[in-house]
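S.K.: Pasting a structure here, questions to come.
The values are calculated or read from the model by the stated rules, or taken from the named source; none is laboratory data. All figures in this text were calculated on a predicted structure; none of them were measured in a lab. Note that each Cβ is placed from the backbone with ideal geometry, even for glycine, and that neighbours are counted across all protein chains shown.
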């Protein structure tokens, strides 16, 4: 799934701990698997970052790019 939001400046991107964010998201994804299975959906697993998070120019403002790598 590709999603784009036309948003503005990200002030805390340089101080974001992306490894901690990744681990928190992995834990939440795994915790939600029981509900997914109960609802008839397969489990999902967050493998890591498909592309390392970074901030880059887009249309004159800085945008944060995060690309998780998921497996089902």
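Here is a yes/no grid of residues against (1) out of contact with any strand residue (DSSP E or B) (no Cβ under 8 Å at 6 or more places or on another chain); (2) modelled with pLDDT of 90 or more; (3) outside any helix (DSSP H, G or I); (4) surrounded by fewer than 13 Cβ atoms within 10 Å (Cβ to Cβ):
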| position | (1), (2), (3), (4) |
| --- | --- |
| 8 | no, no, yes, yes |
| 14 | no, no, no, yes |
| 20 | yes, yes, no, yes |
| 28 | yes, yes, no, yes |
| 35 | yes, yes, no, yes |
| 40 | yes, yes, yes, yes |
| 43 | yes, yes, yes, no |
| 50 | no, no, yes, yes |
| 53 | no, no, yes, no |
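S.K.: For residue 70, indicate whether it is modelled with pLDDT under 90, part of a helix (DSSP H, G or I) and surrounded by 10 or more Cβ atoms within 10 Å (Cβ to Cβ).
M.R.: On the way: modelled with pLDDT under 90: yes; part of a helix (DSSP H, G or I): no; surrounded by 10 or more Cβ atoms within 10 Å (Cβ to Cβ): yes.
Taking the combined requirement at face value, the residue does not satisfy it.
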